[in-house]
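Worksheet: the structure to be examined is printed underneath.
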Amino acid sequence: MQHRILYPASYALLELQLGAGEAVTAEADAMVSMSMNMQMETGAKGGLFGALKRAVGGESMFQNTFTAQGGPGVLMLAPTMVGDITAREMRGESLFVQSGSYLASSTTIELDTKWGGARTFFSGEGLVVLKATGIGMLYLSSYGAIHPVTLGPGEKLVMDTGHMVAFDATMDYRVRTIGGLKQTLFSGEGLVVELTGPGTMYMQTRNFPAFVNYLVPKLPFKRT
């Protein structure tokens, strides 16, 4: 499977070229176009229980598997949000992915959920994040451009939780306030996540919850 990421950073489009018999799994509603010999099957990967776990993690219960039949095929995928796409070649490691950032992967990549407890709940990302493990290609999407940062052993980075896309499972993390009560309530930053290397994390350059908070007061409403 070969890929090209077109129009990166803003309106990214993922082009996949699959060999005969090769398959890829993608989020529901991600398909933009496909060649005539591509066969699509919809199912709950991992069974009903696995689908329910993904739904709790913010992903679709059902996923689509595309297979090139009788020869090479081309598949075009795009995320719902305006933003970027990045490709990660997985070599058996695990990656934690925020809700909504999974786009597609090789069929050899296993998707599961990890209960993060209170520290994930208070980060505003819900009680779970997706855990991607295996050997193959993993494609992630974002709101805004994706900026990867690699930390060495013991190296730390503080980031707004709304800018998180994914990070290696080798990294330790904890959610905390950015300062005292005044900074937490009035700085606009809220809670942050402190990551400790070694590993690579992926941040998005825009914050969707912050955009929603900006937009809602400007929306027209009907008086009753």
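The values are calculated or read from the model by the stated rules, or taken from the named source; none is laboratory data. These figures come from a predicted structure and were not determined experimentally. Backbone-built Cβ (ideal geometry, glycine too); neighbour counts: all protein chains shown.
Worth pointing out:
- Of all residues in the range 24-33, those being outside any loop (DSSP other than H, G, I, E, B) and either surrounded by fewer than 17 Cβ atoms within 10 Å (Cβ to Cβ) or in contact with a Lys or Arg (Cβ under 9 Å, 6 or more places away or on another chain) (or both) number 3.
- Residues that are assigned to a loop (DSSP other than H, G, I, E, B), modelled with pLDDT of 60 or more and surrounded by fewer than 16 Cβ atoms within 10 Å (Cβ to Cβ), drawn from the range 201-224: THR205, LEU219, PRO220, PHE221, LYS222
- Pairs where the first residue, in the range 205-222, is charged (D, E, K, R) and the second is part of a loop (DSSP other than H, G, I, E, B), C-beta under 6 Å, 6+ apart: ARG206/TYR143
- Of the residues making up the range 24-42, those that are small (Gly, Ala, Ser), over 20 Å from the mean Cα position of the chain (by Cα) and within 16 Å of MET1 (Cβ to Cβ) number 1.
- Candidate set: the range 19-49, residues that are of a type in the set (A, V, I, L, M) and closer than 22 Å to ASP84 by Cα; chosen: the one modelled with the lowest pLDDT: ALA28
- Listing of strands (runs of 3 or more DSSP E) fully contained in the range 99-200 that carry 2 or more residues being modelled with pLDDT of 80 or more, buried (at least 20 other Cβ atoms within 10 Å of the Cβ) and within 17 Å of the chain's Cα centre (by Cα): 102-106, 109-115, 128-141, 164-168
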